[in-house]
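> Shown below is the structure under consideration.
The values are calculated or read from the model by the stated rules, or taken from the named source; none is laboratory data. The structure presented is a predicted model; accordingly, all values stated were derived computationally and were not measured. Virtual Cβ from ideal backbone geometry, glycine too; neighbours counted across all protein chains shown. These accessible areas exclude ligands, DNA and RNA; they are computed on the full protein's heavy atoms, side chains included. Shrake-Rupley method; radii C 1.70, N 1.55, O 1.52, S 1.80 Å.
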Amino acid sequence: LPALIGKKRDGQRLEEAEIQSFVRGITEGTAQQGQIGAMLMAIRLRGMDMCETLALTRAMAASGRALAWPQAWHGRLVDKHSTGGVGDKVSLVLAPALAACGCKVPMISGRGLGHTGGTLDKLEAIPGFRVNLSPEEMRDALERVGCCIVGQSEELCPADRVLYALRDVTATVDSLPLITASILSKKAAEGLSALVLDVKYGRAALCPTRDSARRLARSLVWVSSQLGFRGSAVLTPMSQPLGRRLGHSLEVLEALEALHGGGPPDLRHLVTMLGGLLLWQRGLAEAAEQGQQLLKGVLDDGSALATFEAMLGVQGVPPKTAKLLCTGTPAHRWQVLGQASIQEELNAPGGGWVQQIEALPLAQVLHRLGAGRERAGDRINHRVGAELLVTAGQRLQEGEAWLRVHHDGGLDEEGRKALQAALCLAPEPPSSPPEFVTETIL
């Protein structure tokens with residue numbers, strides 16, 4: 001292994017057998033954490049070509065079991081993955097909505113990386129929710145409900161489970177080949193027929209520019225095709241948060257609003273856009289636009305919400321808890337999820353038109369307040385979060401509240417100053433409305 005680390009450190013190409021040897025060392029426990037971290041950094045600094053990336057993806061997928069499904073499900077096994085954003089709770093809405101449209105969605109998700117929240121962390125804000133299901137339990141969930149959202153296990157992509165946690169603490173989260181291999185090894189193990197990818201770019205995303213997002217999207221779509229399933233990607237800006245609520249419990253609440261047919265317009269648009277692409281790719285809709293209409297229908301008629309409630313049940317949430325969360329009043333939902341001890345509002349330091357609200361400083365402050373991890377395995381505070389009380393294009397008066405922060409203590413003047421810097425005001429309205437999706441790659 002030291003020889004392989006040195007080879008990549010010096011910018012040389014690794015052969016497929018060498019990549020397999022590295023991954024085998026991870027899964028068998030013969031590679032030390034320091035060695036794995038060194039290889040991650042070498043890959044981050046030196047990169048990998050497309051064939052190396054494909055070999056790494058295949059080796060990671062082969063490190064555990066591959067899921068097998070009934071032949072009758074062929075063509076309906078679909079999934080979605082996001083490269084990580086601030087306020088991104090799309091998976092919580094999209095998985096049950098796709099299942100309500102007749103798809104099977106065996107979604108293997110991850111935890112938070114860096115300042116971005118993880119789907120599993122959001123779901124674990126719900127008392128009783130189990131993210132660790134065996135392959136047999138996943139099959140049962142798909143049979144009964146049509147979807148499940150689970151984490152990597154010892155059986156499924158164990159190499160990625162190790163690398164995912166170490167990337168978070170070794171400053172190698174943003175490596176294009178590591179992102180590609182991490183995402184697609186899990187998807188290959190799922191036995192999918194189609195995958196849609198939400199590749200985010202901007203100051204609060206792994207990809208800082210649209211060009212870098214396009215490179216990642218093309219890598220993901222190409223490797224998907226080599227692995228035998230149809231992939232597509234959309235590029236979405238991530239300078240502002242998605243939706244109006246940030247933090248695990250608060251994002252569950254906003255996802256429930258969307259499942260009730262409401263929620264913020266940007267969240268609903270992205271859910272139906274991604275789902276429409278998948279339904280079209282699998283021949284369940286004649287065009288992506290028709291697929292979007294089908295998704296809107298299941299969000300508005302309650303069938304997506306009913307599927308979400310059923311998914312909670314098969315993943316360990318007590319029936320009474322699931323019922324309160326999905327059909328109860330806002331007070332019932334707070335009762336289930338719990339609420340931070342402090343709700344503190346910040347007021348606009350001056351008047352003007354809201355140009356945008358920067359996602360990155362909001363996420364960084366919430367991370368420090370307990371919403372994120374400094375080290376792999378750290379506990380997080382699901383109650384920490386923030387609510388945006390204004391949106392871009394709105395006029396604010398000096399002293400008017402624009403942000404409500406939920407925390408259990410620890411927000412100091414430095415944190416308040418950082419949060420205030422996220423509010424971008426100008427004397428005139430924004431010249432154009434914010435874009436939700438800027439490009440689609442098939």
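> Dividing the alpha-carbon Rg of the range 71-327 by 2.2 N^0.38 Å yields what?
It is 0.91.
> Can you spot the lysines whose alpha carbon is less than 27 Å from Lys80's alpha carbon? Ignore those fewer than 8 places along the same chain.
Partners within reach: Lys89, Lys104, Lys122, Lys186, Lys187, Lys200, Lys296, Lys323.
> Further, regarding this structure: By a straight-distance test (C-alpha under 12 Å), which aspartates and glutamates pair with Lys320 as possible cross-link partners, with residues fewer than eight away in the same chain excluded?
Excluding near neighbours in sequence, the set is Glu309.
> Can I ask one more? Starting from the Cα of Arg395, step 7 Å along the direction of its Cβ; do the same at Gln420; then give the gap between the two resulting points in nm.
2.4
> Oh, and also: Can you tell me what share of the DSSP beta bridges in the range 71-327 is antiparallel? A percent to the nearest 5 is fine.
5
> With every protein chain kept in the model, how would you rank Ser431, Ser109, Ser134 by accessible area, 1.4 Å probe, largest at the top?
So, going from the largest accessible area down, we get Ser431, Ser134, Ser109.
> What net charge do the residues around Met273 carry, taking every other residue with its C-beta under 14 Å from that of Met273, with Lys and Arg at +1 and Asp and Glu at -1?
Summing Lys and Arg as +1 and Asp and Glu as -1 gives -2.
> For a quick check of understanding: with a 1.4 angstrom probe and all protein chains in place, what accessible area in square angstrom does Thr327 have, to the nearest ten?
Thr327 exposes around 80 Å² with every protein chain in place.
> Something else about it: Stokes-Einstein at 25 °C, 0.890 mPa s, Kirkwood radius from Cα pairs: D for the range 1-47 in µm² s⁻¹?
In µm²/s, the coefficient is 234.
> Given the DSSP H assignment, sum -39500 (n - 2.57) over each helix run of at least 4 residues in the chain and divide by its residue total; what's the result at 222 nm in deg cm²/dmol, nearest 500?
Taken over the chain, the calculation gives -14000 deg cm²/dmol.
> Carbon and sulfur atoms: what percent of the 1.4 Å accessible area of the range 21-140 do they account for?
Roughly 47 percent, rounded to a whole number.
> Sticking with this structure for a sec: Using only the Cα atoms of the range 242-306, construct the convex hull and provide its projected area averaged over every direction, in square nanometres to one decimal.
Averaged projected area of the range 242-306's Cα convex hull equals 4.3 nm².
> Next up: So who's got an amide H within less than 5 Å of the one on Met107, skipping anything under 5 residues away but keeping other chains? H placed 1.01 Å off N, in plane.
Amide H neighbours of Met107: Cys148, Val150.
> Quick one: P(r) of the chain from all Cα-Cα pairs, 20 Å bins, percents rounded to integers, in order of increasing distance.
Taking all Cα pairs of the chain, the binned fractions are 26, 59, 15, 0 percent.
> Rounded, prolate or oblate, given the Cα gyration tensor of the range 275-372, with a/c below 1.5 counting as rounded?
oblate
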